[in-house]
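Here, each number is a calculation from the coordinates, and none is a lab measurement. Predicted model, so just to flag it, every value in this text is computed and none were measured. Cβ: placed from backbone, ideal geometry, glycine included. Neighbour counts: every protein chain shown.
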Amino acid sequence: MTMQYTSAQFRHSPIAVTDSGVGGFSVLRELQQLMPHEDFVYLADQWHVPYGPRTMQQIQYFEDGITRFFLNGCEQLPPAKLIVIACNTASAAALHHVRATFPQIKFVGTEPAIKPAAERTRSNHIGVIATAATFQGELYASLIDRFAQGLHVHKRACPEFVTLVERGGPYDEADQQQVTEILAPLKAAGIDELVLGCTHFPFLMPLIQTAMGAGVEIIDPSPAIAKQTARVLKEAEADTDRNMPGQTLYLTSGDEVHFRNQLEALLGLKNPDVRVVKWTENDESLAMT
Ligand code: DGL
């Protein structure tokens with residue numbers, strides 16, 4: 001049963017942000033910057049990371065459990081007012097599904113930024129890097145259909161990049177070499193725009209830029225997702241009217257120590273508010289420990 005809230009309480013509820021791991025931090029930091037008075041709760045489903053090689057059905061099942069967790073809230077966490085799926089893979093697999101299943105809450109999803117790449121290219125060759133699951137989804141096909149007619153779209157699944165970001169830096173010569181080798185076919189194809197179709201990838205920006213060379217523009221959609229979230233909140237009159245700085249609670253379904261190290265390395269946070277959540281045995285629901 002979802003709790004009933006007055007509109008004032010609802011406005012002060014947190015915005016939930018979720019990803020398979022720490023990739024969604026690239027979206028979260030933009031959200032925090034754009035809406036400094038909002039509270040956020042970030043859930044890294046590191047028990048299940050990576051999502052990329054999984055089936056659509058599996059990912060939908062995880063998103064169902066995560067949505068119920070955010071909707072119900074618990075003693076330490078009020079129910080969320082909006083959910084940002086800061087994961088291209090989960091959006092490709094489950095955005096339609098969760099919108100249909102949970103009409104009582106709004107969702108903002110993440111999709112590869114094909115449109116700006118198509119508008120800016122001069123060579124008519126654009127590149128897209130994402131997970132295999134993102135390329136399989138209908139969402140990707142429809143983006144290509146709508147925005148990339150007549151262009152050469154060179155795509156490449158890069159699950160190795162998710163592994164690199166989840167492992168964390170510092171990145172050495174061997175890592176750079178791996179990134180360069182994986183991206184070599186895109187470079188050879190003469191692309192001048194590269195779309196980061198996975199929220200983990202902005203954290204490899206220096207390695208990707210080195211691999212592609214200065215002539216290739218790399219498109220990170222995170223600022224656009226943050227703007228879209230602010231728009232949706234305003235339209236729903238659900239944006240906070242408080243003036244004090246917002247708080248963020250960081251949750252992982254994985255290892256707390258590793259997650260704390262990642263928060264420090266990627267977001268520069270020394271002592272963030274971290275809690276561990278656990279999946280039930282059948283992966284059906286999540287609970288705070
Ligand atoms: N960060 C994710 C994405 O945007 C998922 C990576 C993964 O878990 O495979 O696609």
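Quick notes on this one:
- Only listed residue being within 13 Å of the ligand (Cβ to nearest atom), within 16 Å of V49 (Cβ to Cβ) and not aromatic (F, W, Y), chosen from A130, A113: A130
- Taking the numbered list (1) touching a residue at least 60 places away in the same chain (Cβ under 8 Å); (2) within 15 Å of the ligand (Cβ to nearest atom); (3) assigned to a helix (DSSP H, G or I); (4) surrounded by 17 or more Cβ atoms within 10 Å (Cβ to Cβ) in turn, L204 passes all entries but (1).
- The condition (being surrounded by fewer than 17 Cβ atoms within 10 Å (Cβ to Cβ) and free of Cβ contacts under 8 Å to residues at least 40 places away in the same chain) is satisfied by just one residue among A94, A100: A100.
- The residues of the stretch 11-56 that are away from the ligand (no atom under 16 Å from the Cβ), over 19 Å from G268 (Cα atoms) and surrounded by fewer than 17 Cβ atoms within 10 Å (Cβ to Cβ) amount to a single one, H37.
- Meets criteria (hydroxyl-bearing (S, T, Y), buried (at least 23 other Cβ atoms within 10 Å of the Cβ) and within 13 Å of the ligand (Cβ to nearest atom)) for T199: yes
- Here V162 meets each of (1) under 23 Å from E63 (Cβ atoms); (2) away from the ligand (no atom under 15 Å from the Cβ); (3) touching a residue at least 40 places away in the same chain (Cβ under 8 Å) with one exception, condition (2).
- Of all residues in the stretch 148-173, those being part of a helix (DSSP H, G or I) and of a type in the set (S, T, Y) number 1.
- The set of residues from the stretch 228-248 being surrounded by 13 or more Cβ atoms within 10 Å (Cβ to Cβ) and not in a loop (DSSP other than H, G, I, E, B) comprises Q228, T229, A230, V232, L233, T248.
- In the stretch 84-110, residue nearest to V165 (Cα to Cα) [restricted to those that are within 16 Å of the ligand (Cβ to nearest atom) and part of a strand (DSSP E or B)]: I85
- Every residue from the stretch 13-26 that is closer than 20 Å to H48 by Cα and not in a strand (DSSP E or B): S20, G21, V22, G23, G24, F25, S26
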